[in-house]
1. Which of the lysines could a cross-linker span from LYS79 if the Cα-Cα distance has to be under 25 Å and same-chain partners fewer than 8 positions apart are dropped?
2. Just flag the trypsin sites (Lys or Arg not before Pro) in segment 2-50 sitting in loop per DSSP whose Cβ has no more than 12 other Cβ atoms within 10 Å.
3. What are the semi-axes of the equivalent ellipsoid of segment 6-129, taken as the square roots of 5 times the eigenvalues of the Cα gyration tensor, listed largest first and rounded to whole Å?
4. Longest span of the chain, sites excluded, free of chymotrypsin sites (Phe, Trp or Tyr not before Pro) in DSSP loop with at most 14 other C-beta atoms within 10 Å?
5. Note the angle between two axes, namely the Cα long axis of helix 6-56 and the longest principal axis of the Cα atoms of the chain, as a number of degrees from 0 to 90, rounded to the nearest 10.
6. Taking 8 Å as the Cα distance limit and 6 or more residues as the minimum spacing, I'd like the relative contact order of segment 6-129 as a percentage.
7. To make sure I understand, if each residue's beta carbon is the centre and we count other beta carbons within 10 Å, what order do ILE7, ILE128 fall in, fewest to most?
Amino acid sequence: MKSFTLIEVLTAIFVLAIGIVVLLTMFPMGIKVEKSAQMVSLAVNLAQVKMEEMISLPYDEISSSAEDYGTIPDFNSYKRVTEVSCYDPNGPGSPPDCPDSGIKKITVTVFWQSVFGAEKSIKLTSLIAKR
């Protein structure tokens, strides 16, 4: 009758335990990565919503604004900065430094604290013409 020695059984248990520990440490990291991706998706959606708001306004009412952390309803961990500048084909500028060519550049930047500790941001830019 052939059987395993105590050393072989202990070695197998040790190798199996190390494998299980490695797998268990990967789960929290996977959860953090998933949460980080979710936060990026929310930031993109918040930027798109603000951009749509700005585009729906009459041309003369489009202006810069800022919403600090805790001021966006249901999204307290995000802040949003909207910058409006005039678009000049000859170079960058901002009102009133450049003439109104009938085109405005809108940049929406959304900031949030990532699960890894650093402040992250995403920027969405569009041009809108006077109708």
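Each reported figure results from applying straightforward, stated rules to the coordinates on display, with no laboratory input. No experiment lies behind these values; they were computed from the predicted model shown. Don't worry about glycine lacking a Cβ; one is built from the backbone with ideal geometry, like all the others, and counts go over all protein chains shown.
1. Filter leaves LYS32, LYS35, LYS50, LYS104, LYS105, LYS120, LYS123.
2. In loop regions of segment 2-50 (DSSP not H, G, I, E or B), the sparsely surrounded trypsin sites (Lys or Arg not before Pro) are LYS2.
3. With the √(5λ) rule applied to segment 6-129, the semi-axes are 50, 14, 10 Å.
4. 5-68
5. With rounding to tens, the tilt is 10 degrees.
6. Taking the mean separation of contacting Cα pairs over the length of segment 6-129, I get 22 percent.
7. ILE7, ILE128
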